[in-house]
1. Inspect all residues belonging to the range 135-145 and state whether any of them is modelled with pLDDT under 90 and either closer than 20 Å to residue 6 by Cα or in contact with a strand residue (DSSP E or B) (Cβ under 7 Å, 6 or more places away or on another chain) (or both).
2. Filter the range 177-190 down to residues that are under 23 Å from residue 113 (Cβ atoms) and surrounded by fewer than 22 Cβ atoms within 10 Å (Cβ to Cβ), then give me how many there are.
3. With the requirement that a residue be more than 27 Å from residue 71 (Cα to Cα) and under 12 Å from the mean Cα position of the chain (by Cα), what does the range 108-145 give you?
4. Suppose we filter the range 92-124 for residues that are outside any loop (DSSP other than H, G, I, E, B) and free of Cβ contacts under 8 Å to residues at least 24 places away in the same chain; how many remain?
5. If I filter the range 116-124 for residues that are surrounded by fewer than 18 Cβ atoms within 10 Å (Cβ to Cβ) and within 25 Å of residue 11 (Cα to Cα), do I get at least one hit?
6. What strands (runs of 3 or more DSSP E) completely inside the range 146-199 contain at least 1 residues that are within 25 Å of residue 72 (Cβ to Cβ) and in contact with a strand residue (DSSP E or B) (Cβ under 9 Å, 6 or more places away or on another chain)?
7. If residue 71 meets every condition in (1) surrounded by fewer than 14 Cβ atoms within 10 Å (Cβ to Cβ); (2) free of Cβ contacts under 8 Å to residues at least 40 places away in the same chain; (3) more than 23 Å from residue 15 (Cβ to Cβ) apart from one, which number is that one?
8. Please tell me if residue 104 is farther than 17 Å from residue 77 by Cβ and at pLDDT below 90.
């Protein structure tokens, strides 16, 4: 599929108070999960960084199933879908993922679409079609977000994502990665717009 815009950013989309509230909720949930290993809310996928390998990830994630967060983010997803001219058919969103990247952690090249429908009863036969990402106020170095724009587009670093509250939206089939954090801690939030297969 060819699209004119490979990604869409909305600067300073989220107010500072909302960012702080979501950041605290995510941090609290990670702390709670680390104290209760049987809580099925956190997952840490550990791999060794090798730029030649794809699909490896080393970060801590929790899932935020919160209507207030959906109400805040969904209008931005719809706006990007329309203003970028994608006009993908969406039937809803998948749960929000909050991620913590400590020093040395990363997420290697991957596509959010997984080249197939979601394997979840509540989203049967639906595909991830748009990916939304936002970062928070935190002091870190490294952790650059890179997007492979596909044929003829090349790989670019989305520097705007370093500004807390800026929203990035892109088609979920595009490959992207978060480079290793070299100092500090990077926090991000990801949500996916889902819908029927592309035609």
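1. Checked the range 135-145: at least one residue is modelled with pLDDT under 90 and either closer than 20 Å to residue 6 by Cα or in contact with a strand residue (DSSP E or B) (Cβ under 7 Å, 6 or more places away or on another chain) (or both).
2. Within the range 177-190, residues that are under 23 Å from residue 113 (Cβ atoms) and surrounded by fewer than 22 Cβ atoms within 10 Å (Cβ to Cβ) number 3.
3. The answer is 110, and nothing else.
4. 2
5. no
6. The qualifying strands (runs of 3 or more DSSP E) are 167-171, 176-178, 186-195.
7. (3)
8. no
The values are calculated or read from the model by the stated rules, or taken from the named source; none is laboratory data. Everything numeric here is computed off the predicted structure, so don't read it as measured data. Note that we place each Cβ from the backbone using ideal geometry, even for glycine, and neighbour counts take in every protein chain shown.
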